[in-house]
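Trainee: Take this structure first; my questions come after.
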Amino acid sequence: MLQSIGYDITQAIGEMVNSGLLTSLIQFQKPDGTFGPSGAPGGNFVNVPGLVDLFTGSTQITCIDAPLSPGTISALEAKALEEIEGEGMRHVALNGYYPQIVTNWQGENENMNWRAQISGINYEVFGVETDSQRTQTRVKLRLITV
């Protein structure tokens with residue numbers, strides 16, 4: 001009698017990867033560490049070193065890009081006198097287990113300054129988590145426009 005769910009989890013992840021649902025590509029970037037004349041960050045980003053797709057070796061990782069909650073509209077808008085800020089949240093499931101995203105993002109990112117790019121759109125990395133079986137990584141992203 002098989003009492004381990006490891007095989008079932010491996011099969012489910014394999015089905016996700018082969019399902020055709022992973023139609024988006026995500027690329028993680030972090031500030032390059034340069035500063036402008038005022039001392040503010042330079043605004044230039046570089047790819048996170050060593051972070052590549054487990055299956056293709058590319059710096060763009062295949063993923064499922066979805067709204068945060070499928071049953072609701074996930075856009076928020078708050079209005080102030082001189083500006084309008086719109087915020088959209090995304091929930092992205094990557095094609096495998098990427099512990100270096102969690103480790104690096106938490107370790108060197110106290111100000112949450114990483115970004116992720118999907119289809120040419122830049123998002124702020126708002127949260128990262130992996131499952132308990134170490135088979136997948138999920139990322140919460142935030143798009144802010146002012």
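The values are calculated or read from the model by the stated rules, or taken from the named source; none is laboratory data. Every value quoted in this text rests on a predicted model; they were computed, and no experiment measured them. Cβ placement follows ideal geometry from the backbone for every residue including glycine, while neighbour counts extend to all protein chains displayed.
Trainee: Which members of region 24-42 meet the condition of being surrounded by 11 or more Cβ atoms within 10 Å (Cβ to Cβ) and in a loop (DSSP other than H, G, I, E, B)? Quick ask: steps written out before the conclusion?
Mentor: Just the residues of region 24-42 that are surrounded by 11 or more Cβ atoms within 10 Å (Cβ to Cβ), to begin with: 24-32, 35, 41-42.
Asp32, Gly42 - these are the residues of region 24-42 that are surrounded by 11 or more Cβ atoms within 10 Å (Cβ to Cβ) and in a loop (DSSP other than H, G, I, E, B).
Trainee: Can you say whether Leu51 is over 15 Å from Tyr97 (Cα atoms), surrounded by 15 or more Cβ atoms within 10 Å (Cβ to Cβ) and at pLDDT 55 or above, as far as the supplied structure shows? Please lay out each step first, then the result.
Mentor: Working: over 15 Å from Tyr97 (Cα atoms): no; surrounded by 15 or more Cβ atoms within 10 Å (Cβ to Cβ): yes; at pLDDT 55 or above: yes.
In short, no.
Trainee: Listed residues Gln11, Gln100; which is modelled with pLDDT under 75, assigned to a helix (DSSP H, G or I) and out of contact with any Ser or Thr (no Cβ under 7 Å at 6 or more places or on another chain)? Spell out the reasoning first.
Mentor: Working: Gln100 fails: modelled with pLDDT under 75.
After ruling out the rest, the residue left standing is Gln11.
Trainee: Continuing with this model, one more query. Restricting the search to region 43-54, which residues are of a type in the set (Asp, Glu) and not in a loop (DSSP other than H, G, I, E, B)? Break it down into steps so the answer makes sense when it comes.
Mentor: First pass over region 43-54, keeping only residues of a type in the set (Asp, Glu): 53.
Scanning region 43-54 gives no hits.
Trainee: Show the residue pairs meeting these rules: Cβ distance below 6 Å; 6+ apart or different chains; first residue within region 55-67 and not in a strand (DSSP E or B); second residue not acidic (Asp, Glu).
Mentor: Partner pairs satisfying both residue conditions: Thr59/Gln27; Thr59/Asn47; Thr59/Val52; Gln60/Leu25; Gln60/Gln27.
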